[in-house]
Amino acid sequence: MKKVSMIAIAMLLASCARTIEPGTMATPAQYGKVTSTEMALRDLPIPTRPIPIAVYSITDQTGQFKPSDTGQTLSRAVSQGATPILIKSLQDAGKHKWFMVVEREGLKNLLNERSIIREMRQRYMGEQDVDPNVLPAMLFAGVIIEGGIIGYDTNTVTGGIGARYLGIGGQMDYRQDTVTVSLRAVSVRTGEVLMSVETTKTIASRGQSIGVFKYVAYKDLLEIETGYTTNEPAQLALQQAIEKGVYGLIMEGIEMNLWGFADKDAGMPYYNRYAQERDGKITAEEFEKMNADDRKKANANAQKKKN
């Protein structure tokens, strides 16, 4: 009877294993996840005027490689694509109302294309001076955003808990890493560093497992294990840190009267809330909850007007 039971258990585990095939884990392509910090940027009231701004390159200054249990790896610990993330974050501010982002990372390609247009019009249309309506002057920025990923600390918090009785038990482990981003705004006219903001974001990992390891009969050993691990994507954590940095740059600029809200009464509550979090009077969780509450009220008011 016990042998029959063990055969049944083995067949059950085999059937479960067959159902977990690579194809069943496939999902369709999706757009990037909208984070709470991205929503906070979008919700910002519009400025008095859009600010021309340039981003050349946001680099990984940590020099760290991804940890590996099997030896040296050449994969970086954090994403090398911080510049596109920053550009999108600048565009998200106030729903594309705060900044006019000019292309600088691919400036060489842009200038090559403009040179081709100029040459083709001169060759086939005889234009010595290209019509400015066809090829107007390029936009120039008043402010450059610079900075980088300045820290990636692993295992800042580790721990776990487990229990086992008569060969049956479970275990939970967790770990936190921390990524740190520094952004600064530089005046093109004077070269002065106008402001600098530093943000951090934790990256959480958690694993849970349950197992059975016991003798069910003389010389008959039963062993069953199951578990799963969840890892917060490092790229998503980096995105949130950069978005938080952009939010801070906007608010610091308001404090220094470099730019401002078109409707000061509507915008100052956002600045006051930022200043409270920056000065440690409220936590980041409380800050996000206040933003979420305001978003719900705004949606409710908009629905009432529609009805």
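The values are calculated or read from the model by the stated rules, or taken from the named source; none is laboratory data. Keep in mind that this is a model prediction, so the values were computed, not measured. Cβ atoms come from the backbone with ideal geometry, glycine included; neighbour counts cover every protein chain shown.
Taking the criterion of being over 16 Å from TYR247 (Cβ atoms) and part of a helix (DSSP H, G or I), the residues of the range 290-307 that qualify are ASP293, LYS296, LYS297, ALA298, ASN299, ALA300, ASN301, ALA302, GLN303, LYS304, LYS305, LYS306. The residue that is modelled with the highest pLDDT, counting only those in the range 180-215 that are β-branched (Val, Ile, Thr) and more than 29 Å from the chain's Cα centre (by Cα), is THR190. For the criterion of being in contact with a Gly (Cβ under 8 Å, 6 or more places away or on another chain) and in a helix (DSSP H, G or I), TYR247 fails. Which residue pairs have Cβ atoms closer than 7 Å, lie 6 or more positions apart in sequence or on different chains, and pair a first residue in the range 74-100 that is under 13 Å from ASP60 (Cα atoms) with a second residue that is surrounded by fewer than 22 Cβ atoms within 10 Å (Cβ to Cβ) and of a type in the set (A, V, I, L, M)? Between residues of the range 74-100 that are under 13 Å from ASP60 (Cα atoms) and residues that are surrounded by fewer than 22 Cβ atoms within 10 Å (Cβ to Cβ) and of a type in the set (A, V, I, L, M), the close pairs are VAL78/ALA234; SER79/ALA234. If the condition is being out of contact with any Lys or Arg (no Cβ under 7 Å at 6 or more places or on another chain), of a type outside the set (D, E, K, R) and exposed (fewer than 14 other Cβ atoms within 10 Å of the Cβ), then the range 28-59 contributes PRO28, ALA29, GLN30, TYR31, GLY32, VAL34, THR48, SER57. Which residues, counting only those in the range 267-283, are assigned to a helix (DSSP H, G or I) and either of a type in the set (Ser, Thr, Tyr) or modelled with pLDDT under 90 (or both)? Within the range 267-283, TYR270, TYR271, TYR274 meet the criteria.
When the residues of the range 17-62 are filtered to those that are within 15 Å of ILE85 (Cβ to Cβ) and of a type in the set (Asp, Glu), the one that is modelled with the highest pLDDT is GLU38. Listed by first and then second residue, the pairs linking a residue in the range 143-164 that is within 30 Å of ILE210 (Cα to Cα) and outside the structural domain of SER57 (by TED's automatic domain parsing) to a residue that is at pLDDT 80 or above and not aromatic (Phe, Trp, Tyr), with Cβ atoms under 7 Å apart and 6 or more places separating them unless they lie on different chains, form an empty list. Would you confirm whether any residue within the range 210-230 is surrounded by 15 or more Cβ atoms within 10 Å (Cβ to Cβ) and polar (S, T, N, Q)? Checked against the condition, which is being surrounded by 15 or more Cβ atoms within 10 Å (Cβ to Cβ) and polar (S, T, N, Q), the range 210-230 yields no hits at all. When the range 75-104 is filtered for residues that are surrounded by 14 or more Cβ atoms within 10 Å (Cβ to Cβ), at pLDDT below 90 and in a loop (DSSP other than H, G, I, E, B), the ones remaining, listed by number, are ALA77, VAL78, SER79. Annotation: of all residues in the range 119-144 being closer than 30 Å to ARG189 by Cβ and surrounded by fewer than 10 Cβ atoms within 10 Å (Cβ to Cβ), the one that is nearest to the chain's Cα centre (by Cα) is PHE140.
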